[in-house]
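Participant: Pasting in a structure now, in structure tokens, and then I'll have a few things to ask.
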Amino acid sequence: MSPIRSATIAALASAVVATTLTGCQFGGAEQDTSPIVIAADLELSGAAAPVGRAYQRALELKRDQLNSSGALNNRKIVLKVKDNRSDPAESLRNIVDLSSDSQVSAIIMGGCNECAVGAVGTINEKRIPTIALAASGAIARPAAERRFVFKLGPNAPDSAAALTTELRRNNIRKVGALFSDDDYGREGAAALRSELTKANITLREQRAKTTDTDVSQQIQQLTATKLDALVFWTPPEQATLAATSAQQTTFRGSLFFDAGAAGDLFLGAAARATERATLIFTQTMVIDDVIATTPAKAARRQWFQDYTARYGGYNGSSSFAADAIQLIADAELRAGGEAGKVNRTGIRDVLETSQMDGLSGPIRMTPDNHSGLMPQALTTLVARNGRWRLAG
């Protein structure tokens, strides 16, 4: 079966599942053939550019799959992408511009925590449905004050709980942790501190700005005393920098990566430094290690293969972007309204009750919880021979 045909089947299956969950049926006197315009505010330059470009590639691939699938009732997705240059002020200007375009159904924001948190007020004021791919819980909480804002990605409490389970399983008693000095890092520090306290595991902490390109000093300070393990709760590039810095010290303990540190499947120059490191992340990163026993697993496997075939590698965060565009497309079709006119409030209402076995894992949105990735989506991965593999 050709990659294009198999991708079409996977995309169609995803759309059909989402439709079946709601019991909706499409059809009517007048068929709407207007484009579904989805805007994206991404970090395509600046410090966070590697992740932003991975999101853009994922959005473009998923758009092409959905447009060729026939599942959109003769409608086509059009992407409108703006570069926020990893700058919250530029991101906010983008949100204002994109929300002012009456053709835009919804916005997908990238991995910049400060960008998403800083835009919450404007998003609510403009009443533009927005799915952020950044990790900070403050983006989507409290849901009552963020009616038009949703989040898709790992949540700090879930990641902290999974990390602690692995640390206990490995009989680790003393841990050093490097946290990013941003909303997600501070949230993660509080969550991990709480979990480790309950497990009677001691913790030493250091911080790094998200723009830091050298974290050797923080690693040296952490490893100045005897530790059993290091935890890196930072963006992907900093996590690999930290692993390389740790290799250059006398530290010989275990390395653990939070879900926010997940990046490319292949570890490249950091392969030696990260060998046998543990990562908490979604199964999609290593779906080629998994037997496709369900339609959802088959769709994830196909997504992994299609992304790899097109781009020559795989980035773990790509599935979040693909799920975001799927959620918005489904919501657009289900929201109803006058043909050719965007029903943003209707899209928001549908998003708030969306349920989908997505490429990232099970996703459930509710009026009280706008952060949809379920804890069950996270699993344990291990670095072996320069790439991430399923643990066990």
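Participant: Of the residues Gln56, Gln248, Gln238, which exhibits the maximal mean-square fluctuation in a Gaussian network model of the chain defined by a 10 Å Cα contact cut-off?
Facilitator: Checking each option, the largest mean-square fluctuation is seen for Gln248.
Participant: Quick one: helix 318-335 against the long Cα principal axis of the chain, what's the angle to the nearest 10°, folded into 0 to 90?
Facilitator: That works out to roughly 30 degrees.
Participant: Could you tally the net charge around Pro35, taking each other residue with its Cβ under 9 Å from the Cβ of Pro35, Lys/Arg +1 and Asp/Glu -1?
Facilitator: So the surrounding residues net to +2.
Participant: At 20 °C and a viscosity of 1.002 mPa s, what translational diffusion coefficient does Stokes-Einstein give for region 89-151, taking Rh as the Kirkwood radius over Cα pairs? Give it in µm²/s as a whole number. Don't skip to the end; give the middle numbers.
Facilitator: Numbers: Rh = 11.3 Å.
Approximately 190 µm²/s, per Stokes-Einstein.
Participant: Can you tell me which of 80-86, 354-360 comes out highest on packing, and rank the rest after it, using the mean Cβ neighbours within 10 Å?
Facilitator: 354-360, 80-86
Participant: Hey, what do the phi angles of region 113-127 turn into as Karplus ³J(HN,Hα) couplings, whole Hz, using 6.51/-1.76/1.60 and θ = phi - 60°, x for Gly and Pro?
Facilitator: 4, 5, 4, 5, 4, x, 9, 4, x, 5, 4, 5, 5, 7, 6
Participant: Kindly provide log₁₀ I(q)/I(0) values, in the same order as q = 0.06, 0.08, 0.09, 0.14 Å⁻¹, from the Debye equation applied to equal alpha-carbon scatterers of the chain.
Facilitator: Results for the chain at q = 0.06, 0.08, 0.09, 0.14 Å⁻¹ read -0.22, -0.39, -0.50, -1.18.
Participant: In the P(r) worked out for region 233-380, what percent of Cα pairs fall beyond 17 Å?
Facilitator: The answer is 67 percent, as a whole percent.
Participant: Would you work out what percent of the accessible area of region 187-278, with all protein chains in place, is carbon or sulfur (probe 1.4 Å)?
Facilitator: On the way: 2060 of 4370 Å².
After summing per-atom areas, the C and S share lands at 47 percent.
Participant: Let me ask you something else. Ignoring everything but the protein chains, give the 1.4 Å probe accessible area of Phe266 in square angstrom, nearest 10.
Facilitator: Counting only protein heavy atoms, the figure is 120 Å².
Participant: With springs only between Cα atoms under 10 Å, which of Ala329, Ala262, Ala199 fluctuates most in a Gaussian network model of the chain?
Facilitator: Ala199
Participant: Solvent-accessible area of Ile287, probe 1.4 Å, all protein chains present, reported in Å² to the nearest ten, please.
Facilitator: 0 Å²
Participant: Take the Cα of Arg193, step 7 Å along the line toward its Cβ, and report every residue of region 208-250 whose backbone nitrogen sits under 16 Å from that point.
Facilitator: Of the residues in region 208-250, 208, 233 have backbone N under 16 Å from the label point off Arg193.
Participant: Separate question: Where does the charge balance sit around Asn385 when Lys and Arg score +1, Asp and Glu -1, over other residues with C-beta under 12 Å from its C-beta?
Facilitator: Working: positive: Arg272, Arg276, Arg384, Arg387, Arg389; negative: Glu275.
Here the charged neighbours net out to +4.
Participant: Still on this structure, please answer the following. What is the sum of charges around His370, taking Lys and Arg as +1, Asp and Glu as -1, for the other residues whose C-beta is under 9 Å from the C-beta of His370?
Facilitator: Around His370, the charge tally is +2.
Participant: How are the C-alpha pair distances of region 82-226 spread across 5 Å bins, as whole percents from the shortest bin up?
Facilitator: 2, 9, 17, 17, 16, 12, 10, 8, 5, 3, 1, 0
Participant: Within the chain, count lysine pairs with alpha carbon atoms under 27 angstrom apart where the residues are 8 or more positions apart or belong to different chains.
Facilitator: Pairs that pass both the separation and distance tests number 28.
Participant: Mind jotting down the distance between the C-alpha centroids of region 28-65 and region 136-169, whole Å?
Facilitator: Region 136-169 and region 28-65 have Cα centres separated by 24 Å.
Participant: Mind listing which GluC sites (Glu not before Pro) in region 282-388 are in a DSSP loop and have 11 or fewer other Cβ atoms within 10 Å?
Facilitator: Values: sites: Glu332, Glu338, Glu352; in loops: Glu338, Glu352.
Loop-located and lightly packed - Glu338.
Participant: Next question. If you count only protein heavy atoms with a 1.4 Å probe, what accessible area per residue comes out for the chain, rounded to a whole Å²?
Facilitator: Ligands and nucleic acids excluded, the figure is 41 Å² per residue.
Participant: Here is a follow-up. Please give the helix 295-311 orientation as an angle from the longest Cα principal axis of the chain, in degrees from 0 to 90, rounded to the nearest 10.
Facilitator: Tilt relative to the chain: about 80 degrees.
Participant: With bins 10 Å wide starting at 0, give me the P(r) of region 294-379 over every alpha carbon pair, in whole percents.
Facilitator: Pair shares across the bins are 16, 42, 29, 13, 0.
The values are calculated or read from the model by the stated rules, or taken from the named source; none is laboratory data. Treat the numbers as computed from the prediction; the structure is a model and nothing was measured. When we count neighbours, we look across all protein chains shown, and the Cβ atoms used for this are built from the backbone with ideal geometry, even at glycine. Only protein heavy atoms, including side chains, enter the accessible area calculation; ligands, DNA and RNA are left aside. Shrake-Rupley method; radii C 1.70, N 1.55, O 1.52, S 1.80 Å.
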